[in-house]
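Report on the structure given below.
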Amino acid sequence: MLTIPLILKDGHPFVELEGRLWLFDTGAPTSFGDVQSITIDGEQAALGSNYMGLSAETLSRFVGVQCSGLLGADILGNFDHILDCASGTISVSKSELPHSGQRLSLSEFMGIPILTARIAGHDYRMFFDTGAQISYFQDDSLAEFPDAGSVTDFYPGVGQFHTDTHQVDVALGTISITLRCGILPGLLGATLKMADTQGIIGNQVLVNRIVGYFPRRNALCL
């Protein structure tokens with residue numbers, strides 16, 4: 001098992017490996033960086049220099065944090081992860097890690113995890129995306145929830161975009177949480193329909209709790 005720093009900075013979670021910061025992004029299918037490979041818990045992984053034109057330099061500019069790249073589903077899917085933002089650590093292991101919290105079942109699309117969220121009495125399939133600083137709810141009813149202002153976000157292949165947000169009460173199993181939700185623009189919103197999903201649960205769920213992310217077992221523990 002490897003325990004390394006986990007840093008929540010400017011709305012994004014970063015892990016520190018050998019003095020370099022990497023965005024921990026369950027919502028990205030492909031990792032990339034400004035080095036050719038990285039080693040995690042004794043396992044080496046090759047890296048491309050970009051994903052859909054998004055490089056480490058561009059990513060650093062978008063998130064406002066100097067980082068070496070992004071760790072996506074192709075690498076994260078090989079390990080168990082325990083994320084503890086309060087203590088600023090993440091444990092990563094090729095072996096199974098224990099977690100006593102509530103277990104939520106995950107499915108996946110292109111390696112990106114999908115969970116079930118309950119909103120206003122209805123169940124919705126949502127991507128679990130730690131790279132998303134806010135959540136997204138692709139439903140006309142979003143406008144009926146309390147206003148939370150506008151946000152500038154970004155997505156590989158699209159770049160930056162603006163969205164109005166609302167405070168939405170969401171149930172993940174028996175856990176209730178209020179998430180700031182926006183709407184993805186145009187083609188981005190259409191990609192959710194391809195996976196029969198209605199939104200994205202962002203990294204707000206990591207705050208004030210210890211989270212177990214176990215992609216090999218199709219489970220998220222809160």
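The values are calculated or read from the model by the stated rules, or taken from the named source; none is laboratory data. On a predicted model such as this, the values are computed, not experimentally measured, just so you know. So basically every Cβ, Gly included, is an ideal-geometry build from the backbone, and we count neighbours across all protein chains shown. SASA here: full protein model, heavy atoms, side chains in, ligands and nucleic acids out. Shrake-Rupley method; radii C 1.70, N 1.55, O 1.52, S 1.80 Å.
Things to note:
- Checked against (1) more than 20 Å from GLY202 (Cβ to Cβ); (2) modelled with pLDDT under 95; (3) not small (Gly, Ala, Ser), VAL35 passes all but condition (2).
- Selected residue (only one of LEU23, LEU8 is closer than 21 Å to ILE200 by Cβ, surrounded by fewer than 21 Cβ atoms within 10 Å (Cβ to Cβ) and touching a Cys at 6+ places or on another chain (Cβ under 8 Å)): LEU8
- Among the candidates GLN204, GLN138, GLN160, GLN133, the residue that is surrounded by fewer than 16 Cβ atoms within 10 Å (Cβ to Cβ) and in contact (Cβ under 8 Å) with a residue 12 or more places away in the chain is uniquely GLN160.
- Yes/no for THR58 being polar (S, T, N, Q) and either open to solvent by 20 Å² or more (accessible area, probe 1.4 Å) or in contact with a His (Cβ under 6 Å, 6 or more places away or on another chain) (or both): yes
- Listing of strands (runs of 3 or more DSSP E) fully contained in the range 65-118 that carry 1 or more residues being open to solvent by 10 Å² or more (accessible area, probe 1.4 Å): 80-84, 89-93, 103-105, 107-109
- Within the range 31-62, the only residue that satisfies the criterion of being part of a helix (DSSP H, G or I), out of contact with any Gly (no Cβ under 8 Å at 6 or more places or on another chain) and among the small types (Gly, Ala, Ser) is SER60.
- Output for the range 82-113, where each listed residue is of a type outside the set (Gly, Ala, Ser) and over 20 Å from GLY202 (Cβ atoms): THR89, VAL92, LYS94, GLU96, LEU97, PRO98, HIS99, ARG103
- Residue check, ASP34 open to solvent by less than 60 Å² (accessible area, probe 1.4 Å) and of a type in the set (Asp, Glu): no
Here's the yes/no breakdown for (1) free of Cβ contacts under 8 Å to residues at least 40 places away in the same chain; (2) surrounded by fewer than 20 Cβ atoms within 10 Å (Cβ to Cβ):
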position	(1), (2)
GLN167	yes, yes
LEU172	no, no
THR178	yes, yes
ILE183	no, yes
ALA195	no, yes
ILE210	no, yes
